[in-house]
Amino acid sequence: MQQRPTHATVDLDAIRANAQLLVKAAAPAQLMAVVKADGYGHGAVPAAQAALAGGATWLGVALVEEGRHLRSNGIDAPILLLSEPPIDAAVETVALGLTPTVYTKEGISALNEAAAASGSTVAVHLKIDTGMRRVGVDPEHALQIAELVQNSPSLSLSGTMTHLAVADESIAGAEQQLERFDAVLTAMRAHGIDPGCCHASNSAGLLSVERGKYDMVRTGIALYGLPPVATELALEPALSLVSRVGFVKRVHADEGISYGWRYHTAHETTIVTVPIGYADGVRRAMWAVGGEVLIRGRRFPIAGTVTMDQLMVDVGNAEVVVGDLVTLLGRDGAERITADDWGSALGTISYEVVSGLSPRVPRRYKEDG
Ligand SMILES: *Cc1c(COP(=O)(O)O)cnc(C)c1O
């Protein structure tokens, strides 16, 4: 039984509806729902199921462990590992029926051996580094690595991909990467290598670079209703974060609040305490960057340093009682606080906010169908 009145609610209808909108925007390209990092904090299994119900045909994860979690929860959709698995994870990758991304000789050889040992042919996607400089083979060596895959008897090259570094900031930068990608695809075809399913775009790419769709797009953040660029699509944030007022007191003027006494009451006021803290993913510095919460449909400032398990809110002379709902992310009446609001206040992005909610916060799922 849950005792602490703090939880995140994930609206699975919103994820499904977002997937439907993204499927339409991507068509005729397919939609991959990226559910790494526990579905960006939303819960990988329910998020994956909702996205598949909305028309996504592929799932994307960062880790073999994440693929294992989906498979052991009965998800049998195609799953792409977005980076090459570690050599000693090749056997499990094959056993789980994950589709690995490849870009090194060692990785290709380990997967070929694991596939041969299992008596199967394993489909792989080749990753080309066209400018992200994270993982992937650079364009100069792409052909050589593609040939290596082709000459691996137990592997088949079923896709070729790249990843965009600046699609949310510079369409020209994204176009430059796509030109490099196209040059590799052309060279592959000229050498009789079918690149298979080609894909390049993340959420920002899908929403801002028309020609980046190819055969599939890989969307994460937009699926959760937090598009990284302006869009006309009516994407809905799926996650809300709420707690309840746990303690209420009047405090005199000129009192310091919380560790360091960095927040001072300007006049006599009501300070309430809410049982959620930085160990839940509410950053310690939230108060200093203008962090607010919603209570009874009104905005109030977080007062003082967020502590590990609790934070304080200055509600002035408002009538607030123990048990009142406190909304940290989401809507209350006409007011709304989004993960983008937190992200811009904290000098980060919504991705870090939602994926940074800790496992201590129970997730509840809402689905009307
Ligand atoms: C995380 C990731 C994505 C999804 O990116 P969003 O910006 O969340 O849409 C796509 N492709 C790769 C390779 C990724 O690592």
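Every read-out reported here was derived from the displayed coordinates using simple, explicitly stated rules and does not represent laboratory data. Being a predicted model, the structure only gives us computed values, none of them experimental. A quick note on method: Cβ atoms are made from the backbone with ideal geometry, for glycine too, and the neighbour counts reach across all protein chains shown.
Across the stretch 136-222, the relative contact order, built from alpha-carbon pairs under 8 Å that are at least six residues apart, equals 29 percent.
In order along the stretch 263-274, the phi-based Karplus estimate (6.51 cos²θ - 1.76 cosθ + 1.60, θ = phi - 60°) of 3J(HN,Hα) comes to 9, 10, 6, 6, 8, 4, 7, 9, 10, 10, 10, 10 Hz; Gly and Pro are listed as x. In plain terms, the bigger the Kirkwood radius, the slower the diffusion; for the stretch 176-281, with that radius from Cα pairs, at 25 °C and 0.890 mPa s, Stokes-Einstein puts D at 129 µm²/s.
Listing GLU106, GLU66 from fewest to most neighbouring C-beta atoms within 10 Å gives GLU106, GLU66. Within straight-line reach of LYS249, meaning a Cα separation under 17 Å, sit the following aspartates and glutamates at least 8 residues removed in sequence or on another chain: GLU268, ASP314, GLU319, ASP324.
Taking K and R as +1 and D and E as -1, what net charge do the other residues with C-beta under 13 Å from the C-beta of ARG363 add up to?
Working: positive: ARG360, ARG364, LYS366; negative: ASP11, ASP38, ASP280, GLU367.
With Lys, Arg at +1 and Asp, Glu at -1, the net is -1.
For the stretch 100-174, the gyration tensor built on C-alpha atoms gives a prolate shape. Its axis ratio a/c (a ≥ b ≥ c) is at least 1.5, and a/b is the larger of a/b and b/c.
In plain terms, if you count all Cα to Cα distances in the stretch 268-328 and split them into 10 Å steps from zero, the share in each step is 24, 59, 17, 0 percent.
Taking amide H positions as modeled 1.01 Å from N, with prolines and chain starts lacking one, the residues under 5 Å from VAL34 and 5 or more places away or on another chain are GLY60, THR219, GLY220. Which entries of LYS105/LYS127; LYS36/LYS127; LYS105/LYS213 show an alpha-carbon separation above 24 angstrom in the structure shown? Table pairs above 24 Å Cα-Cα are LYS105/LYS213.
Please state the equivalent ellipsoid semi-axes for the stretch 54-93: what are the square roots of 5 times the Cα gyration tensor eigenvalues, largest first, in whole Å?
On the way: eigenvalues 72, 27, 10 Å².
Sorted largest first and rounded, they come to 19, 12, 7 Å.
The tail of the calculated P(r) for the chain, taken as Cα-Cα distances beyond 33 Å, holds 38 percent of the pairs. For ASP138, the residues whose modelled amide H falls within less than 5 Å of its own, excluding neighbours fewer than 5 places apart on the same chain, are ASP129.
Each residue of the stretch 110-125 was assigned a 3J(HN,Hα) from its phi angle through the Karplus expression (A = 6.51, B = -1.76, C = 1.60, θ = phi - 60°), giving 5, 5, 4, 5, 5, 5, 4, 5, 8, x, 10, 9, 10, 7, 10, 10 Hz with x at Gly and Pro.
Among residues other than PRO28 whose Cβ falls under 9 Å from its Cβ, what is the net charge (Lys/Arg +1, Asp/Glu -1)?
Working: positive: LYS213; negative: ASP215.
Result for the neighbourhood of PRO28: 0.
Close amide H pairs (under 5 Å, H built 1.01 Å from N) link VAL122 with LEU155, SER156, residues at least 5 positions away or on another chain.
Mind sorting ARG284, ARG250 by how few other Cβ atoms lie within 10 Å of their own Cβ, fewest first?
Numbers: ARG284 16, ARG250 10.
Ranking ARG284, ARG250 by Cβ neighbours within 10 Å, fewest first, gives ARG250, ARG284.
Neighbour counts of other Cβ atoms within 10 Å put VAL320, VAL229, VAL122 in the fewest-to-most order VAL229, VAL320, VAL122. Restricting attention to the chain, close to 50% of DSSP beta bridges with both partner residues there are antiparallel.
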